[in-house]
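Below is one structure, written out as structure tokens, with a few remarks after it.
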Amino acid sequence: MRHAQLLALLAGTAILAACSGGSEEPADGPDTEAMTDTVSEVAETVADEPAAPDLTEITTVLAGEWRGNTGQRDTSRNPRETLEFFEVDPTGTIVEIWPGGGWYTNILAPWISANGGQYVAAHFSPDSSSNNRRRSRASFEAMIADTALYGDVMTVDFDVDTQLALEPGSVDTVLTFRNIHNWMSRGFTERALADFHTVLRPGGVLGVVEHRLPSTREQDPGAASGYVQQAYVIALVEEAGFEFVGASEINANPADTADHPLGVWTLPPVRRNPPEGSELAADWDRTSYDAIGESDRMTLLFRKPVTEDASE
């Protein structure tokens, strides 16, 4: 808009000069000076206007003011290193499963939009029987309404009773952060992984971050504590037809024993406390759990095989 004002003023100045070319009478001094001053002021304003941040760069996105204080958790969640390990190409189609309140959305959506890719949020159904899930979906949609920042986010339903409604082979990357224990508790892990396999193109990748249960501990099929053995996750995903590419310790936390009275939710960021007056509350030491920090998490990369038929 300021560029347009400057051009219009300059054009106006040129027209006035042309019209007065055949007159011996000089233009009125005050009006000419005012026009010159106005043009100068607009030019200075345009020159002083800061350049828009380059959101094609992940480091710029991570420093974005819209993230507020959520960036304080980057030291625990290591988003740049995690996305690099997952080989995320922001020019492609990237699906995030159950983005919740949008911690990763605030990174992924602006970055992917700036690079010409497509961010897809596979969120809870707006018609869910759960009030919490309906509120979560509504809050998320209100956040991404800022299309200037987030771009054209595609939101699709995904839940126990709702399959991932995307075209087969249309997705480059599927990302899931700390969700597998939820699917285990609801008994649809196999179906969820099958959905991901279907929508991914041959050669597409699945990135998984999950709370890690030590291999020496017995695995609860329902993952009631929120922790899952790494070998168990790898076996589940391989059974769904994926190739295991590798694991990273980017999000490891050796201080986490994965043995807490209220499960993984005892730790930050949830910080669940026992009910007041309960036996557990009598000797409760919140500071000791806060000192542990966020959970010990596995970071796993899988790939949908490129079959002979798909490569021909």
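Classify region 67-137 from the C-alpha gyration tensor, please: rounded if a/c falls under 1.5, else prolate or oblate depending on whether a/b exceeds b/c.
Oblate is the answer for region 67-137, as a/c is 1.5 or above yet b/c matches or exceeds a/b.
Which order, highest average first, do 200-209, 103-112 follow once you tally other Cβ atoms within 10 Å for each residue and take the mean per peptide? Walk me through the numbers before you get to the answer.
Working: 200-209: 21.6, 103-112: 24.3.
By packing density, highest mean first, the sequence is 103-112, 200-209.
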Length added when fully stretched, Asn182-Ala247, from 0.36 nm per residue minus Cα-Cα: 21.3 nm
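Just check region 64-185 against the gyration tensor rule for me: Cα atoms, a ≥ b ≥ c as the square roots of the eigenvalues, rounded for a/c under 1.5, and otherwise prolate or oblate depending on whether a/b exceeds b/c. Could you put the intermediate results ahead of the total?
Numbers: a/c = 1.35, a/b = 1.24, b/c = 1.09.
Note, shape of region 64-185 comes out rounded.
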- prompt: How many angstrom separate the Cα center of region 244-301 from the Cα center of region 46-118?
  reply: 26
statement: Arg191 and Thr287 label points (each 7 Å along its Cα→Cβ direction) are spaced in nm at 4.8
Highest-first arrangement of 264-273, 145-154, 280-289, where packing means the average Cβ count within 10 Å: 264-273, 145-154, 280-289
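Sorted by packing (mean other beta-carbon atoms within 10 Å per residue), highest first, where do 247-253, 165-171, 64-70 land?
On the way: 247-253: 16.9, 165-171: 14.7, 64-70: 11.7.
With the highest mean Cβ count within 10 Å placed first, the list reads 247-253, 165-171, 64-70.
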- prompt: Got a sec? How would Thr75, Thr91, Thr56 order by Cβ neighbour count within 10 Å, fewest to most?
  reply: Thr75, Thr91, Thr56
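State whether region 140-278 is rounded, prolate or oblate according to the following rule on the C-alpha gyration tensor (a ≥ b ≥ c being the square roots of its eigenvalues): a/c under 1.5 gives rounded; otherwise a/b larger than b/c gives prolate, and the remaining case gives oblate.
Oblate is the answer for region 140-278, as a/c is 1.5 or above yet b/c matches or exceeds a/b.
Laboratory data are not the source of any read-out in this text; all were calculated from the coordinates shown. Everything quoted here is computed from the prediction, not taken from an experiment. In this analysis, Cβ positions are derived from the backbone assuming ideal geometry, glycine residues included, and neighbour counts consider all displayed protein chains.
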